[in-house]
Each structure stands twice: as C-alpha cells, then as structure tokens.
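Below: one structure, written as structure tokens.
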Amino acid sequence: MIRFALFFLIVLATPLHAVNVLILGSSVGFDKQESPEGHDTHLDLKKLAPEFERVLNKGKSGGVKVTYQDIYTTKDTPVGLGSVGKETPTTFHCHSLAQYVFWPQGREARLTNLHNKATTKWDYIYIVGDPYLIGQMPGIYAEGVHLLMRHIRKGEAKVVLVMPWHSNEQINARIPEVVQRVADGLDLPVAPAGMLWAMHKGKIKAAQGQYIAAASMVSAISKAPAWGQNLSEKNLAKAALAAIKHLNENPPSAEYAEPNPFYAETLHKEVIAYCQTGSSSEAGIRGAINDAIKRVGSTPKQVSCKDESIDFNYGRANSNFEPNKRYQVDPDKYGRSYGFPMQEQKNTAATSMLYGIDKRYFHARSYDDGTDLGIAYDMIRQGEVEKRVYAVPVRLLLCKLMDADPSIQPLRDRWHMSRELDAATGTYMVTILTGKNPVGDEPTKDSNDWKLWLGRKIGYETAMRMGRLTYDPK
C-alpha cells in the first residue's frame, strides 16, 4: 500500500503525467422510487467526478482526468410466469454492483473495461455501492465488490472503496462498518466519505459534501491531506485524513451481527427438522437440502408444517404467483424461514432471470417483487427480518453458474429449475443455516456429478460471503 501511495503522490506532483481515474456507482438509489423522500441529500456521483478532478489537479487544468460511469440502467424484456408461460412486459433495473457485473446487455464491453483492456487505461478505480443496499442488504454489496475485483485484478488499476451516505440515519450508521469489513477482506483502502458527512452534518453546506468525498478519496491512497482551496476545505481535508487513520487503527473485531435478509445465523443440531410450503419447485430443492445436511454431518428430517419445533421452513416468495405456497412467518414455530424468487418459464428464463437480481416493474410502472433483492426488500419493509426470515438469491446463483459453465441452463424442463440450480439453492440454504461446508471433493470435470458439485460450490461460497461479508473461500 505504501508503494501505491508514493505513486499517487508522484502523479499529483507531475501534471504532465496523464492519469485516468474511474468512479463506478449508481446515480439512482435502490429505494428511491418507493421512498422518494429524503433523497435530496446524498453523494451525487455526477457532481463528485468534476470535484474530485478539481482537487486532484489542485484547482488547475492538470494531467488527472476523472470519469464517472453510471451503473444504473434499465432493460425491457418479457417475463414468462407459471407453467403456461404467460408473458408480461417487464422493465428491469440495475442498481447493485453484482447486477452490474452480470447485466447481459453490453456485458462484454463492460468486462473489457474492468480488465483494463479498453481504449482508456485506468490507474485508479473508485467503487461506490448503493447506500441503501450497503446498510440494509450488506451481503449483496460484499458479493458485488468481490465479483468486480475478480475482473479488475486482471488489469493493473488500483481500487478504493468509497463510503456513500444515506438520508436515513439508521441505514447511514451501518455503512462504515460494512464497507470497512469488505475492504479488509480484500486488502483495499477505504475513503470514509459517508462517515465524514455524518460527523459534519448540519455544520457545512450540502455542496461541501462533494469536497468531503473527494478529500477522503485522495487521502485513502496518498495518506496525506488533500489539496484545499481555502481554510474551510483545508480543515475538512485534515478531518478526512484523521478519519482514515481512525479506520486503520480500529478494524472491526467480531463477526458482523446486524440482522439482514442474507444474514448467516448458524444452528448446530444432530437432526435438522424442516418443512416446505410449496409443491414441485420446492420439492426440487428438497433433494439438495437433504444432501447438504448430510454432508455437514447432520440428519435431515422433513416434517409437516403443522408440526412443532421445526428448525426452518422454505417456500416461494413472489407475491404475484401462488401466494398460498409462500414461506411461513411464525418465529414461535419456525427457527428460520427462507423465501426464494420463483423461476420463470422456459421461453424467457435464460434471459429474464439474468436480469433479475435487483428490481423489476411490470408494464414499466407496477413494482413486482420477483427478484432476489425484490423479496429481500419486501422482508425488510414488512418487518420480517427481525422474525428470522431470510432471502435466497436464486438469480445471483444462476448468473454465477452460467458464467462458470455456459452449458448450464436455468431449467430442466419448461418450468422447473435445473438440478444444478437446485444444488446451488439447497446448499446456500444449508450453509446459511449451519455455517458448515457441504461442497465435498471435486470430481473429474467430465463426470456427471461435476456440474452438481459446481452448484454446491457456488451455493456455499455465495452464502459465506453474503452472510459474513469478508469471507473469501479458497
């Protein structure tokens, strides 16, 4: 890290040396459309880019160019619902870093850019996650950063994680720890913009928030105060450097313990009793659940949902399709409840499910919860997370499966999830439940079991990362 800091200082002292800096983040908050109030005060990335460039070049025309790439985008593509596959016009939205990595449209060009093989070569990349997702669904932020880093590390760009801020004070209070944990797990520097904004809220003008962010982004690499045009900016620059030193000297100690829709709350029992509330789709996952429970050294026991002392139940979570088969919420009866977004029908699944991590709207205006984060969003707003209700990110698991092996398909017939996706889903649930590794030894790649093993591996690794934020299985 010292080597990077020295290079950064040399660059700033040498304006003729062309340096390219990229800021990645969404211009539209994940929760903005449903909760528009309170979004007037936030880290505006469009305004941040020129401000950061001004600070880097010390108020002059210099050799450092800052580019902002907005990850927010939308795509219209139909969704086939139910076994008959009735297609509904749907608009998908991309807010998260994870969805950005897998968004099908323009993916090859995006990955080329991340690999640093496009026309512009990046010296530094600053990653800014969506503040609502960081605070409320930290697992998807952790997963998104890891996915980005797998591609960025194929190039030579240095990476910094930036703390944004949210208007909700409770959400904002969670952001620093989450970003720091993810950064520590990947050995990345942090620019504590959101933490600084919270410290100075009410003491400075809203426009100065962009300077606070820019100053922290400079000091995260240089380990020195950023340039300031006046006394106020110089004082804020000193505060930014002090905040970075405080972070470095006070890393998180215990595991992340804030309940959220992807929380790993482990259970240790010899016999694990569970029930499922659906039909064929849930039955497909059941075999993978039984297999995973056995692999972690316990005995699975499927019971009726009318029984007592049930460790967990699981079921579909979409509100638009067969709501009678949804997961059950009753913390006095069930130790855990797991909900997953139902798959789509064969005519659209191979496309629509890859767009289905973040959010979607039917007919471009009617919010529908049939995505990974859509069901997690429901659980938060309905107060279910506190009742040990958790989300299973089936779309994300599918994206990772198909990325690892393009021959894997979403479905095994016109409607039911493929065995590989069932394996990933069931393994994810058991990993979140037990904290143990149900993957098993890797078989030969040309064997029939290898793709199932891949599903288990992806389910396990995803669960550990989303549940623990910093865990990176080897």
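The values are calculated or read from the model by the stated rules, or taken from the named source; none is laboratory data. Model, not experiment: these values are computed from the prediction. Here the Cβ is made from the backbone with ideal geometry for all residues, glycine too, and neighbour counts use every protein chain on show.
Worth a mention:
- Candidate set: segment 323-350, residues that are in contact (Cβ under 8 Å) with a residue 60 or more places away in the chain and surrounded by fewer than 18 Cβ atoms within 10 Å (Cβ to Cβ); chosen: the one nearest to residue 398 (Cα to Cα): 350
- Hey, residue 389 touching a Phe, Trp or Tyr at 6+ places or on another chain (Cβ under 9 Å), closer than 21 Å to residue 466 by Cβ and surrounded by fewer than 24 Cβ atoms within 10 Å (Cβ to Cβ) or not: no
- Restricting attention to segment 266-286, the residues being part of a helix (DSSP H, G or I) and touching a strand residue (DSSP E or B) at 6+ places or on another chain (Cβ under 8 Å) number 6.
- Of all residues making up segment 144-199, the number that are basic (Lys, Arg), in a helix (DSSP H, G or I) and over 19 Å from the mean Cα position of the chain (by Cα): 0
- For segment 435-474, the set of residues classified as among the hydrophobic types (A, V, I, L, M, F, W, C), over 19 Å from the mean Cα position of the chain (by Cα) and buried (at least 18 other Cβ atoms within 10 Å of the Cβ) consists of 439, 452, 453, 454, listed by residue number.
- Positions within segment 169-186 being without any contact (Cβ under 8 Å) to a residue 60 or more places away in the chain and either outside the structural domain of residue 135 (by TED's automatic domain parsing) or over 15 Å from residue 250 (Cα atoms) (or both), in sequence order: 169, 170, 171, 172, 173, 175
- Pair list, Cβ under 6 Å, 6 or more apart: segment 58-85 residue without any contact (Cβ under 8 Å) to a residue 24 or more places away in the chain, other residue buried (at least 19 other Cβ atoms within 10 Å of the Cβ): 74/93
- Residue within segment 255-267 that is closer than 30 Å to residue 176 by Cβ, without any contact (Cβ under 8 Å) to a residue 12 or more places away in the chain and charged (D, E, K, R) present: no
- Scanning segment 109-128 for residues that are in a loop (DSSP other than H, G, I, E, B), free of Cβ contacts under 8 Å to residues at least 60 places away in the same chain and not aliphatic (A, V, I, L, M) returns 115, 116, 117, 119.
- Just one of (1) under 30 Å from residue 435 (Cα atoms); (2) out of contact with any Phe, Trp or Tyr (no Cβ under 9 Å at 6 or more places or on another chain) fails for residue 273. It is (2).
- Tally of residues being of a type outside the set (D, E, K, R) and touching a Ser or Thr at 6+ places or on another chain (Cβ under 6 Å) across segment 358-372: 3
- Hey, residue 319 among the small types (Gly, Ala, Ser), over 24 Å from the mean Cα position of the chain (by Cα) and part of a loop (DSSP other than H, G, I, E, B) or not: no
- Against the test of being part of a loop (DSSP other than H, G, I, E, B) and either crowded, with 23+ Cβ neighbours inside 10 Å or acidic (Asp, Glu) (or both), the options 214, 226, 243 yield a single qualifying residue, 226.
- Unmet criterion (only one of (1) in a loop (DSSP other than H, G, I, E, B); (2) within 23 Å of residue 458 (Cα to Cα); (3) not basic (Lys, Arg)) for residue 62: (2)
- Residue in segment 289-301 that is assigned to a loop (DSSP other than H, G, I, E, B), of a type outside the set (A, V, I, L, M) and touching a strand residue (DSSP E or B) at 6+ places or on another chain (Cβ under 9 Å) present: yes
- The residues of segment 68-91 that are part of a strand (DSSP E or B), surrounded by 14 or more Cβ atoms within 10 Å (Cβ to Cβ) and not aromatic (Phe, Trp, Tyr), listed by number, are 69, 70, 73, 74, 75, 79, 80, 81, 87, 88, 90, 91.
- Positions within segment 187-197 being of a type outside the set (Phe, Trp, Tyr) and surrounded by 17 or more Cβ atoms within 10 Å (Cβ to Cβ), in sequence order: 188, 189, 190, 191, 192, 193, 194, 195, 196
- Single unsatisfied condition, residue 51 versus (1) modelled with pLDDT of 95 or more; (2) assigned to a loop (DSSP other than H, G, I, E, B): (2)
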